[in-house]
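Asker: Here it is, the structure, as structure tokens.
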Amino acid sequence: MRTTSEKAQRAIAEAALSRFCKRGYLLANIEEIGVQTGLTSATALRHFKSKADLLKVVVDPVRPLRAQFLVARFANAISARVQISRAGFVPLAQKAAQ
């Protein structure tokens, strides 16, 4: 069972994610994140040192997924380049250099 502190941290993190998505990281502020959770900004700051710490908590869980996505995209891009090259097509930038 979660403690009251853990519940508050989760609520703050969820509110931060919501505010970051709606207003962007730069425009979101601790006060409105606190208001959204029914807490004061001081309470929010007791759980997280700064807005940057909140961003880290929100982003860290998706980093591995983002890395997997980028690796897959990169692999697909390399595969496409190899296939294009094998078909005899030369990129325009390469043609200009020749």
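No value in this document is a laboratory result; all are computed from the given coordinates. Just so we're clear, the structure is a prediction, and the values are computed from it rather than from any experiment. Cβ atoms come from the backbone with ideal geometry, glycine included; neighbour counts cover every protein chain shown.
Asker: Can you pull out the residues in the range 1-36 that are among the charged types (D, E, K, R) and buried (at least 16 other Cβ atoms within 10 Å of the Cβ)?
Answerer: R19, E32, listed by residue number.
Asker: Do any helices (runs of 4 or more DSSP H) lying entirely in the range 19-59 carry at least 1 residues that are more than 17 Å from the chain's Cα centre (by Cα) and closer than 18 Å to A8 by Cβ, and which ones are they?
Answerer: Hits in the range 19-59: 30-37, 41-47.
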